[in-house]
Every structure is written in structure tokens, then in C-alpha cells.
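**Student:** The structure is given below, and queries will be raised subsequently.
The values are calculated or read from the model by the stated rules, or taken from the named source; none is laboratory data. Keep in mind the model is a prediction, meaning the values are calculated, not measured. Quick reminder, even Gly has a Cβ in these numbers, built from the backbone with ideal geometry, and neighbours come from all protein chains shown.
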Amino acid sequence: MHELSIALSILDLAAEEARRQGNVRVLGIHLKLGRLSGVVKEALLSAYELVRASTPFEEAQLVIEEVPVLVHCPTCRTTRAVVSVQQLWCAECGTPSAEVVSGRDLEIVAMEIQ
């Protein structure tokens, strides 16, 4: 379950940033998570709950924004959603595309501090 190590890394990064901001209290950590990231949202949330217990982040919520898989369609010449994560084809015209524009994300984008 690599989500446990990811949750620990999230807390390490949050602790580093909290120190840099003057030892502020972290109320929330906002994360972008793509469907192709290889991370299971529910497993990450569960791991986060486990690792934040008895830490300064005990009250800090992990807020996950799911990022859809989008590809650049060579036929439509624009960014489009895919049929599914198993079929990277344009949902509009059905053209296969290997040019993934989004969906691989695993990024801390914001922290709520006090």
C-alpha cells in the first residue's frame, strides 16, 4: 500500500511549509489527484487518517480534487475527455491519443493555515 508512504510524504511537506511560514497551524491540505496517478483516493484518505493521528496535523483535513483524464485529440485538434482510463480515445470522435494532457497529477496545491 504505497498510499501510506504518500500520506507520510504529504505530512512531511506540510510540516516543512508550516515551519517556513512561522510554525503556523495547518487546518487543511488540498491535493490534486489524477486518475492515472496510480493512487487510490479512498486508500490515500484512509492512510492519511492513520498517519495524522497524534501529530500536530491531527485536525488538518485532506481535501482531494480529482483531476479527469484529458488527451489532446489529433482529429478534433483540441483537449478532450477520454472514453475511459483503459481506453485513451477521444470521447467525441473516438480517435486514439497517446498525448495525455491531464490525469497523472499528484500535487499539493494549497494549505489552509492559521
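**Student:** For segment 5-46, give me the residue count where each residue is closer than 29 Å to Val82 by Cα and over 14 Å from the mean Cα position of the chain (by Cα).
**Tutor:** Matching residues across segment 5-46 total 1.
**Student:** Given (1) without any contact (Cβ under 8 Å) to a residue 12 or more places away in the chain; (2) at positive phi, identify the lone condition not met by Val83.
**Tutor:** Among (1) without any contact (Cβ under 8 Å) to a residue 12 or more places away in the chain; (2) at positive phi, the lone unmet condition for Val83 is (2).
**Student:** Continuing with this model, one more query. For the structure I just gave you, tell me whether Ser97 is in contact with a Phe, Trp or Tyr (Cβ under 9 Å, 6 or more places away or on another chain) and within 21 Å of Ser37 (Cβ to Cβ).
**Tutor:** yes
**Student:** With among the small types (Gly, Ala, Ser) and in contact (Cβ under 8 Å) with a residue 24 or more places away in the chain as the only criterion, which of Ala91, Ala43, Ala53 stands out?
**Tutor:** Ala43
**Student:** Could you say which residue among Leu13, Leu36, Leu44 is in contact with a helix residue (DSSP H, G or I) (Cβ under 7 Å, 6 or more places away or on another chain) and of a type outside the set (D, E, K, R)?
**Tutor:** Details: Leu13 fails: in contact with a helix residue (DSSP H, G or I) (Cβ under 7 Å, 6 or more places away or on another chain); Leu36 fails: in contact with a helix residue (DSSP H, G or I) (Cβ under 7 Å, 6 or more places away or on another chain).
Selected residue: Leu44, the only one of Leu13, Leu36, Leu44 that is in contact with a helix residue (DSSP H, G or I) (Cβ under 7 Å, 6 or more places away or on another chain) and of a type outside the set (D, E, K, R).
**Student:** Just to be sure before I move on: is Val69 over 15 Å from Glu107 (Cβ atoms), over 14 Å from the mean Cα position of the chain (by Cα) and not small (Gly, Ala, Ser) in the structure I sent? So that I can check it myself, show each step before the final result.
**Tutor:** On the way: over 15 Å from Glu107 (Cβ atoms): yes; over 14 Å from the mean Cα position of the chain (by Cα): no; not small (Gly, Ala, Ser): yes.
Judged against the criteria, Val69 is not a match.
**Student:** Let me ask something else. Which members of segment 94-114 meet the condition of being among the aliphatic types (A, V, I, L, M), closer than 21 Å to Ile64 by Cα and modelled with pLDDT under 95?
**Tutor:** Selection gives Ile113 alone.
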